[in-house]
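The values are calculated or read from the model by the stated rules, or taken from the named source; none is laboratory data. Remember, predicted model here, so these are calculated numbers, not experimental data. Positions of Cβ are backbone-derived with ideal geometry, glycine not excepted, and every protein chain shown enters the neighbour counts. Each accessible area value is taken on the protein alone, full model and side chains, heavy atoms only, with ligands, DNA and RNA left out. Shrake-Rupley method; radii C 1.70, N 1.55, O 1.52, S 1.80 Å.
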There are 2 protein chains.
Amino acid sequence: MRPSPLTGGNVRPVHPARRGLRRLPRVARACEDCGVRVQKSVFECQVGQTEWVQLKDRLLREIKSEQDSLRFYYLDEVAKQKTEHHGVAKPMDFTEPLIL
Amino acid sequence: MRPSPLTGGNVRPVHPARRGLRRLPRVARACEDCGVRVQKSVFECQVGQTEWVQLKDRLLREIKSEQDSLRFYYLDEVAKQKTEHHGVAKPMDFTEPLIL
């Protein structure tokens with residue numbers, strides 16, 4: 001069974017996040033190279049063991065561990081099929097500039 | 001096995017999100033009544049079947065389905081134990097006012 005890691009990159013919406021907001025696109029790019037963005041900071045990647053080791057290494061190098069967090073979930077086939085989505089089907093383009 | 005749903009509430013950081021930002025605290029409150037917030041918009045709730053039906057119903061009533069999204073993952077015990085967290089251990093208090 002191929003692992004199906006899900007990663008959430010945490011970008012904080014308060015003052016210190018201004019730096020985090022600059023890192024999110026790089027985290028997103030790494031995840032999108034192997035999977036899809038399903039919400040603003042939630043990605044689903046279906047990867048084999050070798051690819052996962054590389055992706056995880058790349059992600060951990062992209063974040064500042066004292067400011068950001070990454071959380072990885074491993075979904076098997078059953079969990080993947082039970083996943084439910086409600087509301088807008090497709091996340092917006094979060095690579096667009098923020099209008100605050 | 002008790003289901004362990006994980007829910008991600010999507011609040012979009014661009015113009016239309018101003019309304020989403022007002023809804024997130026209510027979504028968060030519902031999730032935190034049954035579980036913990038592990039990232040800005042990621043919550044983990046360990047609930048039985050009845051409790052889950054009630055929580056899901058409450059969450060779906062809180063969102064505007066044409067603007068927001070909720071994504072539910074069901075983690076079994078194995079997936080739960082494989083979960084990895086990197087970086088800052090505890091999310092910030094996102095109920096605090098945003099300073100932009």
What accessible area, summed over both chains, is buried at the A-B interface (1.4 Å probe, Å², nearest 100)?
4100 Å²
Whole-Hz ³J(HN,Hα) for each residue in the range B:45-52, computed from phi via Karplus 6.51 cos²θ - 1.76 cosθ + 1.60 with θ = phi - 60°, x for glycine and proline: what do you get?
10, 9, 9, x, 4, 5, 4, 5
Would you mind checking the pairs A:56/B:82; A:82/B:80; A:40/B:40; A:80/B:64 and listing those with alpha carbons more than 18 angstrom apart?
A:80/B:64
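Any chance you could run the full-extension gain for residue A:80 through residue A:61? It's 0.36 nm times the residue separation minus the Cα-Cα distance, nm to one decimal.
Length difference between fully extended and current span is 4.1 nm.
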Scoring only Lys, Arg, Asp and Glu (+1, +1, -1, -1) among other residues with Cβ under 11 Å from the Cβ of residue B:82 yields -3
Any residue on another chain or 5+ positions along whose placed amide H is under 5 Å from the amide H of residue A:75 is listed here as A:4, A:6
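Net charge near residue A:71, counting Lys/Arg +1 and Asp/Glu -1 over other residues with Cβ under 10 Å of its Cβ?
Around residue A:71, the charge tally is -2.
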